[in-house]
Amino acid sequence: MLQTINFEEKFKLINEFWTPKIIGELNGQYVKLAKLKGEFVWHDHENEDELFMIIKGTLYMDYRNRPTTSTSAGEMIIVPKGIEHRPHTKDQEVWIMLFEPKTTKHTGKIEHDLTVKKMDWI
């Protein structure tokens, strides 16, 4: 189905932090939106790269044995498969778009209170 998706309208439907919502799919991938605030959990994705496109705010990404990166609105970062990472914000709400294979688990092999096992469509 052909449709235009308005990010602002979709972000208004997201009420939780660190809980991605699916807004589309293409070529075996989901397109997801999420609001982030605070710290997430250390994790990796053994078989999938992860693309973070920043819509609003600045996202910081910690890595094991690598410097922390910062990515701001209008920028994106790709975390290669197998790289342990922990996204976080600095006391601001950050809006992101994710592009991931449909098989990508939210926190990889890690089970945590923040792990989302079934993602909703909005």
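Observations
- Criterion violated by Ile78 - all others in (1) more than 11 Å from the chain's Cα centre (by Cα); (2) surrounded by fewer than 16 Cβ atoms within 10 Å (Cβ to Cβ) satisfied: (1)
Quick grid of which residues meet (1) among the charged types (D, E, K, R); (2) out of contact with any Phe, Trp or Tyr (no Cβ under 8 Å at 6 or more places or on another chain):
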site: Leu2; (1), (2): no, yes
site: Phe11; (1), (2): no, no
site: Glu46; (1), (2): yes, yes
site: Met53; (1), (2): no, no
site: Pro67; (1), (2): no, yes
site: Met97; (1), (2): no, no
site: Thr103; (1), (2): no, yes
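- Just one of the numbered conditions (1) closer than 22 Å to Met119 by Cβ; (2) surrounded by 15 or more Cβ atoms within 10 Å (Cβ to Cβ); (3) of a type outside the set (Gly, Ala, Ser) is not true of Thr103: (2).
- Taking (1) buried (at least 20 other Cβ atoms within 10 Å of the Cβ); (2) within 22 Å of Gly82 (Cβ to Cβ) in turn, Lys35 satisfies each apart from (2).
Every number in this text was worked out from the coordinates using simple rules, so none of it is lab data. Here the structure is a predicted model, which is why all the values come from computation and not from measurement. Cβ: placed from backbone, ideal geometry, glycine included. Neighbour counts: every protein chain shown.
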